[in-house]
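Data block below; observations after.
The values are calculated or read from the model by the stated rules, or taken from the named source; none is laboratory data. Since the structure is predicted, the reported quantities are computational estimates derived from the model, not experimental observations. Here the Cβ positions follow ideal geometry from the backbone for every residue, glycine too, while neighbour counts run over all protein chains shown.
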Amino acid sequence: MLKSVNHPVRYETPLLYANSTPSTNSSTSSRTSTDTDESPPNSFRYNFQDLNFKISSPPISCSQTYKSLAVLSGHVGSVSCLALCGEFILNASQGKDIIVWQQPDLKQFTKFGQGDGSVKALVTFGNKVFTAHQDSRIRVWKISRSSENVFRLIDTLPTTKDYLGKFMKQSNYVRTRRHHKVLWIEHADSISCLAVSNGLIYSGSWDKTLKIWRMSDFKCLESIKAHDDAINSLVASNGIVYSASGDGKIKAWGKDKAKIKTTSHLLKGVLEGHKDMSLNSVVVSEDGSLVYGGGSDGYVMGWLGNKDFDSWNIICEVKAHEMSVLCMCLMGEFLFTGSADKSICVWKREINGALFRCMVIKGHEGPVKCLQASPVRVGGGFMLYSGSLDKSFRVWWVPNYTEDNDKSSGEIKGKELGSL
């Protein structure tokens, strides 16, 4: 059970820049307190100082241990993606605007956005934010404390320089459909997912291609006809990028280590899902050894890779939800799955990659489209953020433990295909 204690739990958020000076941080605090005094309409303000509790003993039912901390609204449509960026939480919807919330008080800090159509993916790296859009473009935003415009647009991919260097040569065009051609550096449909790793930006699209961009100058280096259906999710780790697709496959791409100067990504392996299903999400463990995919049939499948990351064996498949798994995220030993059934499941990973279910989080009134967990510890647990087609963005507290003595009620291992 949860018991109160006399001393408060301090919730400290990471600074936007690791090298920020105290004066910079204090000036930021004063500015945000004056400029963003008002909460967005219909939002629930939660003071993290109220998290004055500790876990004294494992509860009888793990499913009762999470806490709903906030329900934040303000989007014009379904919340499609979210990302953590220092002390900020960014989320986007069917509109072009990206809403920025500031922790820990969850005030709306600002909005930014540009382009046509909805924002499909968000990823942050250092002092940059990369956004993928329905208009087939990637936009790069720089975070700056020295100007009023904190999130400033600095480029759009493909860049004008890259485009002008290729548009005159006919061999640079590819046919997308009858009587229609585009440059190979352009996506021909919505960009659905992004990943950043080792100085490279990866983008996946409904046009079935995977494109690789160089971080230093945003030049497009490669375009790969990766799948037979739309690419739904990307994740990069240890020099390997994994693409999950509507064709029911996760493909692993990496450079040839034998050719030091090569820039081309080769197909390293194919991780097969179930027949006639779509793989909507893919995540990988910190060491790169475990890969999990979430499918339209409600299953989560897991694969174990070898030390060279060129061979993967399936190690588990569990019926995670009654409806499609739409999103997943990993945080330490926990796997989180969001579903069209409006629920979020929390799973504990074992050493061999097997999964057992710890709890089911309910509260959304629509399918759960995006998830992100924070590594910042709060009161013996951590924060989980979720976005839904119900147009809401929710904040949860999840305890950082599992009930090892009573796995029988929630455990699903290996290939035991029991339903919820």
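Quick rundown of the values:
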quantity	calculated
Residue identified as within 20 Å of Leu234 (Cα to Cα), buried (at least 16 other Cβ atoms within 10 Å of the Cβ) and either modelled with pLDDT of 95 or more or not hydroxyl-bearing (Ser, Thr, Tyr) (or both) among Val270, Val318, Val291, Val346	Val291
Conditions (1) over 15 Å from the mean Cα position of the chain (by Cα); (2) β-branched (Val, Ile, Thr); (3) under 30 Å from Gly379 (Cβ atoms); number of the one not met by Val76	(3)
Candidates Leu106, Leu157, Leu122, Leu90, filtered to the one that is more than 20 Å from the chain's Cα centre (by Cα) and not aromatic (Phe, Trp, Tyr)	Leu157
The lone exception for Glu286 - which of (1) surrounded by fewer than 16 Cβ atoms within 10 Å (Cβ to Cβ); (2) in contact with a His (Cβ under 6 Å, 6 or more places away or on another chain) it fails	(2)
Residue under evaluation Leu326, criteria (1) touching a Lys or Arg at 6+ places or on another chain (Cβ under 7 Å); (2) assigned to a loop (DSSP other than H, G, I, E, B), criterion not met	(2)
Scan of the range 283-303 for residues that are touching a Cys at 6+ places or on another chain (Cβ under 9 Å) and among the aliphatic types (A, V, I, L, M), ordered by number	Val283, Val300, Met301
Those residues of the range 130-161 which are buried (at least 17 other Cβ atoms within 10 Å of the Cβ), assigned to a loop (DSSP other than H, G, I, E, B) and not charged (D, E, K, R), in sequence order	Gln134, Ser136, Val150, Pro158, Thr159
